[in-house]
Amino acid sequence: MPPLRLKGPSPPVLPAWPVVNDLLTLWDSIAAEQNGPELTDVDRQLIDQRLESFLADGDPGLDADAALDAIEQPL
């Protein structure tokens, strides 16, 4: 039996594990320090409504390159 081969592109090369662990530790420390304003019930309801609308629509909008190109075009 031939060896198992995956189809598609090769997986990206990941940095060494100590680097990954350092980045994850940094990310966790940044997330822990985030202090923002408390959301009101009205704020939460609005966010929930917008999320439900987005999920129902299914349109992800423009990708980043298209959005930046649209900004750079003169009117």
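The values are calculated or read from the model by the stated rules, or taken from the named source; none is laboratory data. What you are looking at is a predicted structure, and each value in this text was computed from that prediction instead of being measured. Because the Cβ atoms are built from the backbone with ideal geometry, glycine has one as well, and the counts that use them run over all protein chains shown.
The table below lists the values:
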{"read-out": "Members of the stretch 26-73 found to be loosely packed, with under 10 Cβ neighbours inside 10 Å and assigned to a loop (DSSP other than H, G, I, E, B), listed by number", "value": "Gln34, Asn35, Gly36, Pro37, Glu38, Thr40, Gly58, Asp59, Pro60, Gly61, Asp63, Gln73"}
{"read-out": "Scope the stretch 23-48; condition under 20 Å from the mean Cα position of the chain (by Cα) and modelled with pLDDT of 80 or more; matching residues", "value": "Leu23, Leu24, Thr25, Leu26, Trp27, Asp28, Ser29, Ile30, Ile47, Asp48"}
